[in-house]
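S.K.: Shown below is the structure under consideration.
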Amino acid sequence: MNGIILFVALILFLWLGRSILIPLLVATFLWYLINATATYVRKLFPFNSDNARATRPIVARTFDWTSNILAVLAMCGLMYFFATQIQPMFRELLIALPELQHKFVQFGNYLSQSVGLHFDASMIPNIANIAAGIGASVAGLVTSTGMILIYMIFMFVEQSTFNKKFSALIPNKKEYKKARYIVDSIDDNMKKYLFMKTLLSGITGVLSYFWLQMIGVEFAGIWAFIVFITSYIPTIGAIIACALPILYSLVTAPSLQQPLLTAAGLIALQIIFGNILEPKLTGKTLNLSTLAILINLVFWGMIWGVAGMFFSVPLLVAIFIITAQFDSTRWIAVLLSADGKIPDKSDE
């Protein structure tokens, strides 16, 4: 009974505190992504071994700072690109939504006459209202930009003293080793997941843009950006990424050639990067059950909406690693795993 009360209290806390917790989660995501990028960029530079750091600390620290600066510049470049290139396209799309809704109605009438299925305007989703709802969610995050930046600044400030605080917090050496193992496992897995996921999502988005641009689909930049963003949402994200540009080309193109080419190109990219390359690069790290991912996706989507769906997998990875470290919760990690294999428990 106490467990049920605690679970309900946790759900209520997550729901009522979403205005504070979501910006904190976004800041943590960006902070982790910058650190992950810096970690992988650092591997390209010399003097990155423990021995090199001990013998040439100044040179090694210089390369550390260089990698951090490059990671921050890359993040700022992405934000600048979105503000100057993608955002104007979204405004143009919003202006075109009423005409697009009318074309959807005409397309429904065409199907009614040619296929014999009954369609009316009320059965077709109002894309203007859907876009307004999504825009409101995004606007909520945009208004929290100041809070997100403050969180990130303090995270970077506290980052240099984290190890000292952590060791002071757990003076017992055995307990400290166990806690350190859990934190390091979460850190390594998160960095690998976020970096590889972002890299593959970015490549998929760029290739989608070139493909859609080549075959003449309007608003190719928007569809490519949606491909990039929805790649973070498991299973459903790939469906959304393909469905939206396919439907758009289906109702706007004069023939079926463009919709078929759109579908062929986007689905092929999703299969190559989402089903073949991504499991090879992150599969050993995650090893999560598809059913667990879907249930987790629905759970966080119900609590935090689109933001919850976006962060569902990183949160599940953290839960998976933590529960694997304790005898009383290892059964949870086994259920969350894809094949019953879970991270080793640190008993030292």
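S.K.: Can you tell me which of Thr39, Thr62, Thr55, Thr66 is over 29 Å from Val206 (Cα atoms), hydroxyl-bearing (Ser, Thr, Tyr) and surrounded by 12 or more Cβ atoms within 10 Å (Cβ to Cβ)?
M.R.: Working: Thr39 fails: over 29 Å from Val206 (Cα atoms); Thr55 fails: surrounded by 12 or more Cβ atoms within 10 Å (Cβ to Cβ); Thr66 fails: over 29 Å from Val206 (Cα atoms).
None of the others qualify; the one that does is Thr62.
S.K.: Still on this structure, please answer the following. So how many residues does region 247-257 have that are of a type outside the set (A, V, I, L, M) and open to solvent by less than 50 Å² (accessible area, probe 1.4 Å)?
M.R.: First pass over region 247-257, keeping only residues of a type outside the set (A, V, I, L, M): 248-249, 252, 254-255, 257.
From what's left, open to solvent by less than 50 Å² (accessible area, probe 1.4 Å): 248-249, 252.
Selection size over region 247-257: 3.
S.K.: Taking region 210-235 as the region of interest, how many residues are open to solvent by 20 Å² or more (accessible area, probe 1.4 Å) and aliphatic (A, V, I, L, M)?
M.R.: Adding up the residues that qualify gives 4.
S.K.: Here is a follow-up. Taking the condition of being over 19 Å from Pro279 (Cα atoms), modelled with pLDDT of 90 or more and touching a Leu at 6+ places or on another chain (Cβ under 7 Å), how many residues in region 201-221 meet it?
M.R.: First, the residues of region 201-221 that are over 19 Å from Pro279 (Cα atoms): 206-221.
Add one more test, that the residue is modelled with pLDDT of 90 or more, and what stays is 206-215.
Subsequent filtering for residues that are touching a Leu at 6+ places or on another chain (Cβ under 7 Å) retains 207-208, 215.
Selection size over region 201-221: 3.
S.K.: Another question about this same structure. Please give the number of the condition Tyr232 fails out of (1) closer than 30 Å to Ile295 by Cα; (2) among the aromatic types (Phe, Trp, Tyr); (3) at pLDDT 85 or above.
M.R.: Here Tyr232 meets the rest and fails (3).
S.K.: To continue, here is another question. Among Leu260, Leu335, which is the only one that is surrounded by fewer than 16 Cβ atoms within 10 Å (Cβ to Cβ), among the hydrophobic types (A, V, I, L, M, F, W, C), touching a residue at least 12 places away in the same chain (Cβ under 8 Å) and farther than 25 Å from Thr198 by Cβ?
M.R.: Numbers: Leu260 fails: touching a residue at least 12 places away in the same chain (Cβ under 8 Å).
Within the list Leu260, Leu335, the selection yields Leu335.
S.K.: What's the number of the only condition in (1) in a helix (DSSP H, G or I); (2) more than 22 Å from Tyr32 (Cα to Cα); (3) acidic (Asp, Glu) that Glu278 fails to meet?
M.R.: Result: Glu278 fails condition (2) only.
S.K.: Test of understanding: among Leu24, Leu16, which residue is at pLDDT 80 or above, open to solvent by 70 Å² or more (accessible area, probe 1.4 Å), under 16 Å from Trp304 (Cα atoms) and under 24 Å from the mean Cα position of the chain (by Cα)? Don't jump to the end; show me each part of the working.
M.R.: Numbers: Leu24 fails: open to solvent by 70 Å² or more (accessible area, probe 1.4 Å).
The conditions single out Leu16.
S.K.: Hey, another quick one. Is one or more of the residues making up region 16-26 closer than 24 Å to Leu200 by Cα and out of contact with any strand residue (DSSP E or B) (no Cβ under 8 Å at 6 or more places or on another chain)?
M.R.: The initial filter retains those residues of region 16-26 that are closer than 24 Å to Leu200 by Cα, namely 25-26.
Now narrow it down to the ones that are out of contact with any strand residue (DSSP E or B) (no Cβ under 8 Å at 6 or more places or on another chain): 25-26.
Yes - at least one qualifying residue is present in region 16-26.
Yes/no per residue for (1) closer than 28 Å to Leu288 by Cβ; (2) open to solvent by 90 Å² or more (accessible area, probe 1.4 Å):
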residue	(1), (2)
Met152	yes, no
Gln159	yes, no
Ser167	no, no
Glu175	yes, yes
Tyr181	yes, no
Ser185	yes, no
Met190	yes, no
Leu194	yes, no
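S.K.: Can you list residue pairs whose Cβ atoms sit under 8 Å apart, with the first residue in region 224-244 being free of Cβ contacts under 8 Å to residues at least 60 places away in the same chain and the second being surrounded by fewer than 18 Cβ atoms within 10 Å (Cβ to Cβ) and not aliphatic (A, V, I, L, M)? Count only pairs 6 or more apart in sequence or on different chains.
M.R.: Sorted first by the residue in region 224-244, then by its partner, the pairs are Phe228/Gly202.
S.K.: On the basis of being more than 23 Å from Asn296 (Cα to Cα), in contact (Cβ under 8 Å) with a residue 24 or more places away in the chain and open to solvent by less than 20 Å² (accessible area, probe 1.4 Å), does Ser201 make the cut? Spell out how you get there, then give the answer.
M.R.: Values: more than 23 Å from Asn296 (Cα to Cα): no; in contact (Cβ under 8 Å) with a residue 24 or more places away in the chain: yes; open to solvent by less than 20 Å² (accessible area, probe 1.4 Å): yes.
Criteria not met by Ser201.
S.K.: Ok, one more. Does Gly340 count as farther than 30 Å from Phe219 by Cα and either loosely packed, with under 14 Cβ neighbours inside 10 Å or free of Cβ contacts under 8 Å to residues at least 12 places away in the same chain (or both)?
M.R.: Numbers: farther than 30 Å from Phe219 by Cα: yes; either loosely packed, with under 14 Cβ neighbours inside 10 Å or free of Cβ contacts under 8 Å to residues at least 12 places away in the same chain (or both): yes.
The answer is yes for Gly340.
S.K.: Exactly one of these conditions fails for Trp304: (1) aromatic (Phe, Trp, Tyr); (2) in a loop (DSSP other than H, G, I, E, B); (3) buried (at least 19 other Cβ atoms within 10 Å of the Cβ). Give me its number.
M.R.: Against the list (1) aromatic (Phe, Trp, Tyr); (2) in a loop (DSSP other than H, G, I, E, B); (3) buried (at least 19 other Cβ atoms within 10 Å of the Cβ), Trp304 comes up short only on (2).
S.K.: Count, please, the residues in region 263-286 that happen to be over 17 Å from the mean Cα position of the chain (by Cα) and either open to solvent by less than 40 Å² (accessible area, probe 1.4 Å) or modelled with pLDDT of 85 or more (or both).
M.R.: Looking only at that region, the number is 9.
The values are calculated or read from the model by the stated rules, or taken from the named source; none is laboratory data. Computed from a predicted structure; not experimentally measured. Note that each Cβ is placed from the backbone with ideal geometry, even for glycine, and that neighbours are counted across all protein chains shown. What goes into the accessible areas is simple: the full protein's heavy atoms, side chains included, and nothing from ligands, DNA or RNA. Shrake-Rupley method; radii C 1.70, N 1.55, O 1.52, S 1.80 Å.
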